[in-house]
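Structure first, commentary second.
The values are calculated or read from the model by the stated rules, or taken from the named source; none is laboratory data. As the structure is a prediction and not an experimental result, all values here were calculated from the model. Cβ sites come from the backbone with ideal geometry, for glycine too, and all protein chains shown count toward neighbours. Note: accessible area is taken over every heavy atom of the protein model, side chains too, but ligands, DNA and RNA are not part of it. Shrake-Rupley method; radii C 1.70, N 1.55, O 1.52, S 1.80 Å.
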Amino acid sequence: ILLLGIGGGVHGGPNLTDTIILANVNVRNNKTTLISIPRDLWVPDLKSRINEAYADGESKKKGGGLIEAEAAIQKITGQNIDYGIRVDFSGFVKAVDILGGIDVNVQNSFDDDEYPISGKEDDPCGKSSEELQGLATISAELQVSELSCRYKHINFDKGIQHMTGETTLEFVRSRHAEGAEGSDFARSRRQEVVIKAIKDKALSLNVLFSPSKIIGLYNALQESIDTNIKEDEFDDFIRLFQ
């Protein structure tokens, strides 16, 4: 099962996959293995990074994103992909909040001074159009300094932290932390930690053992989800999750 996360909405590159995880479900021994795919992995067939596959497919036709992303990941991993699920940022935040927040085991403390503020992606920060054109030619680091109103500082301390949906999104999305937590590999590990925390919270609320609760959660998030799982297959997936 291919799990994809996109910005959606007004985010820059709304259909670029910020998160790419292949979940291998072994029904014989009740084990699930999560394999994170680096978003910057170059794919010669696409002549682009892997995080552009979904966006490219969607630009060609509605529903083509999952087809192209699955085909690309299948070729990279050699694994047959049966299903795909794509969730955008707003759906992710809503899902965590519907669960009442989650308890996340933060393994390393970190600070990020360049976390993008939603809705301020194109804020001129008081600069004129001529000044903004000039900034386009300078380094990304200097651009952040000159357009600081677009970013905020976030901090996470090591240990168990109770997080709302928005805080969880910041935790899994952070890309510019100081030190080791600033790498995409560290971000992938954080995403897997959060998936486990969501699973644990859903189990504690008996969500995964209540078809009505799962359907209710899906209905609340439907506008934020793209999947090739058919509705008449939901019962099979509920049994699989249990």
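Please find, within region 91-108, the residue that is most open to solvent (accessible area, probe 1.4 Å) out of those that are closer than 30 Å to residue 64 by Cα, in contact with a strand residue (DSSP E or B) (Cβ under 7 Å, 6 or more places away or on another chain) and of a type in the set (A, V, I, L, M, F, W, C).
Filtering first and then ranking leaves 92.
For region 38-90: of the residues being of a type in the set (Lys, Arg) and touching a Leu at 6+ places or on another chain (Cβ under 7 Å), which is surrounded by the fewest Cβ atoms within 10 Å (Cβ to Cβ)?
Looking at residues that are of a type in the set (Lys, Arg) and touching a Leu at 6+ places or on another chain (Cβ under 7 Å), I get 49.
Kindly list, by first and then second residue, each pair from a residue in region 205-228 that is assigned to a helix (DSSP H, G or I) to a residue that is among the aromatic types (Phe, Trp, Tyr) and open to solvent by 40 Å² or more (accessible area, probe 1.4 Å), limited to pairs with Cβ atoms under 9 Å and residues at least 6 apart or on different chains.
Cβ pairs passing all conditions: 208/241; 209/241; 214/241; 221/92; 224/92.
Against the condition open to solvent by 40 Å² or more (accessible area, probe 1.4 Å) and within 15 Å of the chain's Cα centre (by Cα), how does residue 223 come out, does it pass?
no
Does residue 40 fit the bill of being touching a strand residue (DSSP E or B) at 6+ places or on another chain (Cβ under 8 Å) and either free of Cβ contacts under 8 Å to residues at least 12 places away in the same chain or not hydrophobic (A, V, I, L, M, F, W, C) (or both)?
Yes; evaluated as a whole, the condition is true for this residue.
Keeping to region 117-131, report how many residues are loosely packed, with under 12 Cβ neighbours inside 10 Å and under 24 Å from residue 170 (Cβ atoms).
Looking only at region 117-131, we keep the residues that are loosely packed, with under 12 Cβ neighbours inside 10 Å, and these are 117, 119, 122, 126, 128-130.
This time we only want the ones that are under 24 Å from residue 170 (Cβ atoms), so: 117, 119, 122.
The number of residues fulfilling the criteria is 3.
Hey, can you tell me all the residues within region 156-170 that are open to solvent by 70 Å² or more (accessible area, probe 1.4 Å) and out of contact with any helix residue (DSSP H, G or I) (no Cβ under 8 Å at 6 or more places or on another chain)?
Listed by number, the residues that qualify are 157, 158, 160, 162.
Keeping to region 171-203, report how many residues are part of a helix (DSSP H, G or I), modelled with pLDDT of 90 or more and buried (at least 19 other Cβ atoms within 10 Å of the Cβ).
10
To keep it simple, each residue is scored yes or no on (1) farther than 20 Å from residue 1 by Cα; (2) not acidic (Asp, Glu).
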residue: 146; (1), (2): yes, no
residue: 156; (1), (2): yes, yes
residue: 160; (1), (2): yes, yes
residue: 177; (1), (2): yes, yes
residue: 189; (1), (2): no, yes
residue: 214; (1), (2): no, yes
residue: 219; (1), (2): yes, yes
residue: 231; (1), (2): no, no
residue: 236; (1), (2): no, no
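Just checking, how many residues over region 15-27 are at pLDDT 90 or above and in a loop (DSSP other than H, G, I, E, B)?
2
Being of a type in the set (D, E, K, R) and open to solvent by 70 Å² or more (accessible area, probe 1.4 Å) is the filter here, so list the residues in region 1-37 that pass it. Full working, then the answer.
Here is the first cut: in region 1-37, the residues of a type in the set (D, E, K, R) are 18, 28, 31.
Listed by number, the residues that qualify are 28, 31.
Of all the residues that make up region 42-94, how many are part of a helix (DSSP H, G or I) and β-branched (Val, Ile, Thr)?
Number satisfying all stated conditions: 6.
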